[in-house]
Amino acid sequence: MPLEPRKILIVFDFDWSFVDQDTDRYVFEVNSIHLRRKMESLEDSVQWTDIVAMMCREGHAEGITREQIEHALKILPVHPAMIRAVKRLKASEDPKATFFCLSNANQVFIDTILKDKKLDTLFDRITTNPAEWTDDGLLVVRRKVDPNGPQHSCKVGCSPNMCKGEELTAFLAEHEEYDKVVYIGDGSNDFCPVVRLRKQDMVLARRDRGLQRRIDRDGEKAGLQCEVVWWEGAWEVEEQFAKL
Ligand SMILES: [Mg+2]
Ligand SMILES: [Zn+2]
């Protein structure tokens, strides 16, 4: 009987991990500096997804079009090495990789970028904030977790709305066991799922960002078990993927 291929799960954060930018901020940097500035001034007092939803409404009222937002997403930097890395791994028979995107951006931003790069079939699941265009070109963004319903009970320090740790645990519970899980992330919100990984799993953590700071400060006391590999540029992720 032929050996079963190894099954691996690739979990991608999106902003500053899969892509080399922050989608929410970049869209407004391209289209409206004063709304971009407003995001900064609201950040400490308003929940982030609510800020993005609000900026979309204000931008729409000021005449920013759907085409302008889509254009910003299409020119947002995605490193060619990252595209090569995922395409090659997606095509591999052994290991057989499942791709899961876990992001605090939103469905429209992610789908628009993936479609433009002809990667719309890459992810087996995308868990993110729901969004949709209205007929007159307003992007309506909502939190993944309804602010009026029950909130996550995470104690690891996840911000309001999504706990990526709970989302990863739910995904794993629905699927057969993977031989290895590889998590690619950069932000402090990526720490919670990473502490749930096993010894045989791996985190590819981007240097000098929130995730590295959390791992350095809290990794040991949180019982972090998985292998930690640091990276700066997408070419290093490509290198790691080629070794899986
Ligand atoms: Mg990120
Ligand atoms: Zn959490």
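Per-residue answers, yes or no, for (1) surrounded by fewer than 20 Cβ atoms within 10 Å (Cβ to Cβ); (2) farther than 16 Å from N106 by Cβ; (3) within 16 Å of ligand 2 (Cβ to nearest atom):
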position: D13; (1), (2), (3): no, no, yes
position: S17; (1), (2), (3): no, no, no
position: H34; (1), (2), (3): yes, yes, no
position: R37; (1), (2), (3): yes, yes, no
position: R57; (1), (2), (3): yes, no, no
position: H60; (1), (2), (3): yes, no, no
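Scanning the range 118-132 for residues that are closer than 13 Å to F100 by Cα and within 16 Å of ligand 1 (Cβ to nearest atom) yields F123, I126, T127, T128. Please go through the range 161-185 and pick out each residue that is at pLDDT below 95 and within 16 Å of ligand 1 (Cβ to nearest atom). Those that are at pLDDT below 95 and within 16 Å of ligand 1 (Cβ to nearest atom): N161, M162.
Tell me yes or no: at least one residue of the range 28-36 is out of contact with any helix residue (DSSP H, G or I) (no Cβ under 7 Å at 6 or more places or on another chain), within 16 Å of ligand 1 (Cβ to nearest atom) and assigned to a helix (DSSP H, G or I).
Applying the first criterion (out of contact with any helix residue (DSSP H, G or I) (no Cβ under 7 Å at 6 or more places or on another chain)) to the range 28-36 yields 33-34.
After this cut, where a residue has to be within 16 Å of ligand 1 (Cβ to nearest atom) as well, the list is none.
No - not one qualifying residue is present in the range 28-36.
Does D135 meet the test of being in contact with a Ser or Thr (Cβ under 8 Å, 6 or more places away or on another chain) and more than 16 Å from ligand 1 (Cβ to nearest atom)? For D135, the condition - in contact with a Ser or Thr (Cβ under 8 Å, 6 or more places away or on another chain) and more than 16 Å from ligand 1 (Cβ to nearest atom) - is not met.
Among the residues of the range 160-171 satisfying the criterion of being of a type outside the set (S, T, Y) and without any contact (Cβ under 8 Å) to a residue 40 or more places away in the chain, which is farthest from ligand 2 (Cβ to nearest atom)? Walk me through it before giving the result.
From the range 160-171, those of a type outside the set (S, T, Y) are 160-168, 170-171; that's our starting set.
Retained after the next criterion (residues that are without any contact (Cβ under 8 Å) to a residue 40 or more places away in the chain): 163, 165-166, 170.
Details: C163: 3, G165: 4, E166: 6, A170: 12 Å.
In this case the residue turns out to be A170.
Inspect the range 193-203 for any residue being in contact with a helix residue (DSSP H, G or I) (Cβ under 6 Å, 6 or more places away or on another chain), closer than 20 Å to A97 by Cβ and more than 10 Å from ligand 2 (Cβ to nearest atom) and give the result as yes or no. Yes, the range 193-203 contains a residue that is in contact with a helix residue (DSSP H, G or I) (Cβ under 6 Å, 6 or more places away or on another chain), closer than 20 Å to A97 by Cβ and more than 10 Å from ligand 2 (Cβ to nearest atom). Take the residues in the range 146-160 that are within 21 Å of L211 (Cβ to Cβ) and out of contact with any Asp or Glu (no Cβ under 9 Å at 6 or more places or on another chain), then tell me which one is nearest to ligand 1 (Cβ to nearest atom). Ranking the candidates gives S159 first.
Of the residues making up the range 145-159, just one is touching a residue at least 40 places away in the same chain (Cβ under 8 Å) and either touching a Pro at 6+ places or on another chain (Cβ under 8 Å) or away from ligand 2 (no atom under 16 Å from the Cβ) (or both), namely P147.
Got a number for residues in the range 197-217 being part of a strand (DSSP E or B) and away from ligand 1 (no atom under 16 Å from the Cβ)? Explain how you work it out, then say what you get.
Keep residues of the range 197-217 that are part of a strand (DSSP E or B), which gives 202-206.
When the remaining residues are screened for being away from ligand 1 (no atom under 16 Å from the Cβ), the result is 202.
Number of matching residues: 1.
Residues that are away from ligand 1 (no atom under 15 Å from the Cβ) and touching a Lys or Arg at 6+ places or on another chain (Cβ under 8 Å) within the range 1-27 comprise P5, R6, K7, I8, L9, listed in sequence order.
Please specify each residue of the range 210-236 satisfying the condition of being in contact (Cβ under 8 Å) with a residue 40 or more places away in the chain and farther than 22 Å from G165 by Cβ. The answer is G233, A234, W235.
The values are calculated or read from the model by the stated rules, or taken from the named source; none is laboratory data. None of these values were measured; they are calculated from a predicted model. Quick reminder, even Gly has a Cβ in these numbers, built from the backbone with ideal geometry, and neighbours come from all protein chains shown.
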